[in-house]
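Here's the structure, in structure tokens; my notes come after.
Nothing in this text is a laboratory measurement; each read-out follows from the coordinates by a stated rule. The shown structure was predicted, so the numbers you read here are calculated from the model rather than taken from an experiment. Please note: Cβ atoms are built from the backbone with ideal geometry, for glycine as well, and neighbour counts cover all protein chains shown.
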Amino acid sequence: MVQTIVRKKSDVKEIVKELKIPSNCKDLYPPAVNSEIRHFLERNIKSRDLGLQTVQKLLGHGIVPIIRMAEVLKNKSPDSKVLKKCISDSMTVLLNTYFEMSVNRRLLMKPFIDRRYHQLCNRNKDIGESKLFADAGKRLKDIQDAQRINRNYMSKKSMRGRSFPTFRQQM
């Protein structure tokens, strides 16, 4: 289960809606960047920060069931159904957070990878087994093949319709 969840994006919206952060745990929300500082940040840095804030929000929501479990375990006879739900919710959200961190790492690398291979850094691509880029070798080859086909097509297309001068022999 863990191996599958950390490599693919999970839909945790419904779970996160249920996991309200308690009023005495407001520090589980990601801190905002000071407006005086945010004003000086470039657009791409603001975008990266938003991505990391999303991960922090997920992490905060994943901690909520753990807090609930601690409260349930205070009772002499804890409700096992509540505990199982808390464990399930926490694992789902925290494992999705792990996936989101991997995606953010990939996006941080994107500016430093040759533009031809930027599609490797797609947010929707799965994470590989023990590798950040799933099937990178195969995907690089596919990209190179597609680029070669496109170049060949474009060069043939640019030759169409052109008339080439003919040389007559003079006698």
| said: Run the numbers for Met154 and Arg105: contour at 0.36 nm per residue of separation, minus the present Cα-Cα distance, in nm. | reply: 14.2 nm
| request: Give the calculated FRET efficiency between Lys20 and Lys141 to the nearest 0.05, with a Förster radius of 35 Å applied to their Cβ-Cβ distance. | output: 0.15
| field | Calculated from backbone phi, Karplus (6.51, -1.76, 1.60) coupling profile of segment 90-95 in Hz, x at Gly/Pro | value | 4, 4, 4, 5, 5, 5
| said: How far apart, in nanometres, would the label points at Asp114 and Asp49 be if each is projected 7 angstrom from Cα along the Cα-to-Cβ direction? | reply: 3.4
| message | Between Asn124 and Ser80, how high is the FRET efficiency from 1/(1 + (r/R0)^6) when r is the Cβ-Cβ distance and R₀ = 35 Å? Nearest 0.05. | response | 0.40
| field | Nitroxide proxy distance, nm - points 7 Å out along Cα→Cβ at Ser35 and Met91 | value | 4.5
| remark: Mean projected area, convex hull of alpha-carbon positions in segment 1-88, reported to one decimal in nm², is 7.9
| task | Starting with the highest mean, order 18-30, 62-74 by the number of other Cβ atoms within 10 Å, averaged over the residues of each peptide. | result | 62-74, 18-30
